Amino acid sequence: MAEVFIYPATSLILSDLVARFGHKPLGTALSIRERVQTAGLDSPPLQMTPDDAKKGLRWAAVEVPSGVRGRMSLFGPLLDRAEAAIIVNNPDFAFGCMGCARTDELVEFLVKQKEIPVLELDYPADEEEGIIFVRKVRDFLKGLAGAA
Amino acid sequence: MTGETVRIAQLSCGPEYSGVQKEIYTAAEAVGAEVFFPDLSLADIRRNFKDFGLDVRSGDLKLAIARAVALVQGVAEADGVFIASCFRCAEAAIVRNELRRYIHEHSRLPVVSYSFTERTTSGTLLTRMEALTTIARRRALLARERQTGLTMGVDSGSSTTKAVIMQDNEIIGTGWRPTTEVLQSADDVIVLALEEAGVKREDLDAIGTTGYGRFLIGEHAKADLIQEELTVNSKGAVFLADCQHGSSTVIDIGGMDNKAISVLDGIPGTFTMGGICAGASGRFLEMTAKRLGVDITELGPLAMKGMGEDVPMNSYCIVFGTQSLVNALAEGHSKEDVAAAACHSVAEQVFEQQLQEIDIKEPVVMVGGTSLIQGLVRAMGNLLQTEIVVPHHSQYIGSVGAALLASGYVEKN
């Protein structure tokens with residue numbers, strides 16, 4: 001079983017796919033509701049404190065906006081544990097959204113720096129692309145050590 | 001507005017991850033307001049974002065845009081709007097600015113925008129939230145154009161305390177003192193103003209307080225009106241400058257922070273408050289006067305005789321600004337040129353850091369003690385390419401606004 005970092009981290013579909021193939025998904029696994037009443041699309045825990053933005057300094061310098069550093073305090077520890085990663089570019093809101101494009105850029109860069117197996121995919125535009133998308137995810141996950 | 005609770009819609013990106021969402025809630029609660037996030041479906045988000053036309057990448061900024069459109073279209077209802085995003089995020093700064101402008105131009109909702117760091121506290125946000133709720137809650141009072149009865153306004157600022165007595169729309173007494181002990185300074189200026197007006201305290205029909213010490217003095221003086229300085233100062237400014245109808249812009253460079261307010265028919269629409277560093281405030285000009293060995297009242301005329309363009313000075317930070325000042329004098333520049341450069345630098349900081357956040361509409365009215373420094377007014381006029389209006393009694397603006405608004409309580413009393 002491999003620990004697989006998923007991005008967007010809120011994607012339930014990615015989380016489910018990773019688990020189905022016998023791996024442990026590393027994500028925040030928070031659902032995007034059909035109606036959005038919370039602060040942001042990715043709805044973080046509101047018990048986050050200014051200290052979390054300071055913890056994010058391990059992954060992003062002090063001149064990086066506090067929202068990016070706060071996000072990194074959540075995703076950074078997951079990245080550290082990751083043995084593989086799946087990144088979906090330009091996903092639909094309903095698929096999962098991390099709220100901040102600058103965080104997306106940093107996370108993707110740090111994933112690539114780790115020299116672990118990474119599957120990078122564009123979000124599918126139609127059903128046919130969707131089938132190919134799932135097939136690629138399946139092949140990637142099956143190829144990881146300890147796949148079900 | 002539901003009962004007395006003012007509903008403030010929050011359009012933001014990042015406060016929850018910066019750990020400051022709780023601070024926003026606390027500031028709102030302190031002024032009897034409730035912060036909420038306009039409820040939208042994913043379909044609404046997609047449509048509103050596309051219709052707005054600003055193609056940003058960040059999801060939460062897209063959501064903020066969609067929520068702003070819903071507010072303007074009346075799909076979501078609010079009494080005021082608070083726009084917030086991370087300090088130093090260029091993408092968010094563009095969105096913040098465009099949303100503020102969009103809401104201001106297409107609705108009558110008061111808007112304040114703010115860029116936060118993880119160090120932002122509820123105290124920093126309090127005056128802004130208070131101003132938002134005042135505009136929503138006291139719109140009728142803010143629409144008051146004439147002072148009636150015998151009223152007093154007291155403005156407890158960070159540098160100076162001022163009092164004004166007004167009767168039948170005229171200023172009949174004033175008092176001014178540097179702020180030392182807050183209550184004592186207030187008592188001193190009240191005595192001065194009453195003496196000049198030739199009236200007794202018990203004759204007053206109503207009292208209003210504003211400024212940093214407004215709550216303390218308000219309680220002490222049993223004030224009828226205790227109100228933050230953003231709405232009070234803008235009211236005082238348009239009253240004294242005789243531009244109560246139509247658009248205007250009020251700039252108040254204070255001792256500790258600055259205010260820039262876009263006003264429509266005497267009621268603030270958008271405003272900014274603060275300053276990155278004291279280098280962009282009246283405090284730097286006080287330091288300049290001290291270093292040049294002149295009284296602050298002499299700095300303005302001195303600067304008018306100088307040519308600041310030849311002296312490199314950047315007061316983004318008061319420490320570096322002071323270094324520039326010392327270097328300029330050491331290089332042999334004249335006092336006049338250095339005074340002019342200091343005025344230009346402060347005006348430039350306010351221009352770059354704050355005036356970008358509001359719509360500048362003429363007439364531009366400068367108020368507060370610093371408006372008496374002619375060199376600063378000239379520098380601001382040059383930057384804005386306009387003739388700045390400095391009304392009479394401009395240093396008493398907060399007190400005049402408080403006395404004017406307090407007269408709304410005369411009949412009640």
- Message: I'd like to know if region B:169-186 contains one or more residues that are in a loop (DSSP other than H, G, I, E, B) and modelled with pLDDT of 95 or more.
- Response: yes
- Query: Looking at region A:51-75, which of its residues are more than 7 Å from every other protein chain (Cβ to nearest Cβ), outside any helix (DSSP H, G or I) and touching a Lys or Arg at 6+ places or on another chain (Cβ under 7 Å)?
  - Reply: A:60
- So which residues in region B:219-239 are out of contact with any helix residue (DSSP H, G or I) (no Cβ under 6 Å at 6 or more places or on another chain) and hydrophobic (A, V, I, L, M, F, W, C), if there are any at all? B:221, B:223, B:238
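Just the residues that are in contact with a helix residue (DSSP H, G or I) (Cβ under 8 Å, 6 or more places away or on another chain) and open to solvent by 20 Å² or more (accessible area, probe 1.4 Å), please, taken from region B:150-161. Step through it out loud before you land on a result.
Pass one, region B:150-161, residues in contact with a helix residue (DSSP H, G or I) (Cβ under 8 Å, 6 or more places away or on another chain): B:150-157, B:159-161.
Within region B:150-161, B:159, B:160 meet the criteria.
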- Query: Can you find a residue in region B:368-386 that is within 21 Å of residue B:266 (Cα to Cα), in contact (Cβ under 8 Å) with a residue 40 or more places away in the chain, of a type outside the set (Asp, Glu) and touching a Pro at 6+ places or on another chain (Cβ under 8 Å)?
  - Reply: no
- Message: Within region B:24-39, does at least one residue satisfy the condition of being at the interface with chain A (Cβ under 9 Å from one of its Cβ atoms) and more than 22 Å from residue B:137 (Cβ to Cβ)?
- Response: yes
- Message: Would you confirm whether or not region B:146-164 contains a residue that is over 23 Å from residue B:221 (Cα atoms), in contact (Cβ under 8 Å) with a residue 40 or more places away in the chain and touching a Gly at 6+ places or on another chain (Cβ under 8 Å)?
- Response: no
- Message: Given (1) at pLDDT 85 or above; (2) open to solvent by less than 30 Å² (accessible area, probe 1.4 Å); (3) not assigned by TED's automatic domain parsing to the domain that holds residue B:156, identify the lone condition not met by residue B:378.
- Response: (2)
- Item | Residue identified as within 13 Å of another protein chain (Cβ to nearest Cβ), out of contact with any Leu (no Cβ under 7 Å at 6 or more places or on another chain) and at pLDDT 95 or above among B:87, B:49 | B:49
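Just need a number here: residues in region B:229-260 that are in a loop (DSSP other than H, G, I, E, B) and surrounded by 24 or more Cβ atoms within 10 Å (Cβ to Cβ). Quick ask: steps written out before the conclusion?
Of the residues in region B:229-260, the ones in a loop (DSSP other than H, G, I, E, B) are B:241-246, B:254-257.
Now drop any that are not surrounded by 24 or more Cβ atoms within 10 Å (Cβ to Cβ), which leaves B:254.
Within region B:229-260, residues that are in a loop (DSSP other than H, G, I, E, B) and surrounded by 24 or more Cβ atoms within 10 Å (Cβ to Cβ) number 1.
With respect to residue B:125, determine if the residue is touching a strand residue (DSSP E or B) at 6+ places or on another chain (Cβ under 6 Å) and in contact (Cβ under 8 Å) with a residue 12 or more places away in the chain.
Working: touching a strand residue (DSSP E or B) at 6+ places or on another chain (Cβ under 6 Å): no; in contact (Cβ under 8 Å) with a residue 12 or more places away in the chain: yes.
Considered against the rule, which asks whether it is touching a strand residue (DSSP E or B) at 6+ places or on another chain (Cβ under 6 Å) and in contact (Cβ under 8 Å) with a residue 12 or more places away in the chain, residue B:125 comes out as no.
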- Of the conditions (1) assigned to a loop (DSSP other than H, G, I, E, B); (2) touching a strand residue (DSSP E or B) at 6+ places or on another chain (Cβ under 8 Å); (3) farther than 13 Å from residue A:4 by Cβ; (4) not polar (S, T, N, Q), the single one that residue A:48 does not satisfy is (2)
- For residue A:58: the one exception among (1) modelled with pLDDT of 95 or more; (2) open to solvent by less than 40 Å² (accessible area, probe 1.4 Å): (2)
- Note down all Cβ pairs under 8 Å where the first residue falls in region A:93-120 and is more than 26 Å from residue B:18 (Cα to Cα), the second is open to solvent by less than 40 Å² (accessible area, probe 1.4 Å) and of a type in the set (Asp, Glu), and they're at least six residues apart or on different chains. A:120/A:108
- Task: Take region A:87-104 and flag every residue that is touching a Ser or Thr at 6+ places or on another chain (Cβ under 9 Å) and either away from chain B (no Cβ under 14 Å) or not in a loop (DSSP other than H, G, I, E, B) (or both).
- Result: A:88, A:95, A:101, A:102, A:103, A:104
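With the condition being charged (D, E, K, R) and at negative phi, I'd like the helices (runs of 4 or more DSSP H) fully within region B:266-346 carrying at least 1 qualifying residues.
Those helices (runs of 4 or more DSSP H) span B:282-292, B:296-304.
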- Item | Subset of region A:80-104 [surrounded by fewer than 20 Cβ atoms within 10 Å (Cβ to Cβ) and of a type in the set (D, E, K, R)] | A:80, A:81, A:83, A:92
- Might you let me know whether region A:105-126 holds any residue that is open to solvent by less than 80 Å² (accessible area, probe 1.4 Å), within 8 Å of chain B (Cβ to nearest Cβ) and assigned to a loop (DSSP other than H, G, I, E, B)? no
- Query: Of the conditions (1) open to solvent by less than 10 Å² (accessible area, probe 1.4 Å); (2) in contact with a helix residue (DSSP H, G or I) (Cβ under 7 Å, 6 or more places away or on another chain), residue B:133 fails just one. Which one is it?
  - Reply: (2)
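For region B:126-133, does any single residue satisfy the condition of being more than 17 Å from the chain's Cα centre (by Cα) and modelled with pLDDT under 90? It would help to see each step written out before you state the result.
Start the filter on region B:126-133 by keeping residues that are more than 17 Å from the chain's Cα centre (by Cα), which leaves none.
Checking region B:126-133: not a single residue is more than 17 Å from the chain's Cα centre (by Cα) and modelled with pLDDT under 90.
The values are calculated or read from the model by the stated rules, or taken from the named source; none is laboratory data. Note that the coordinates shown come from a computational prediction; the quantities given were computed from them, not determined experimentally. Cβ atoms come from the backbone with ideal geometry, glycine included; neighbour counts cover every protein chain shown. Note: accessible area is taken over every heavy atom of the protein model, side chains too, but ligands, DNA and RNA are not part of it. Shrake-Rupley method; radii C 1.70, N 1.55, O 1.52, S 1.80 Å.
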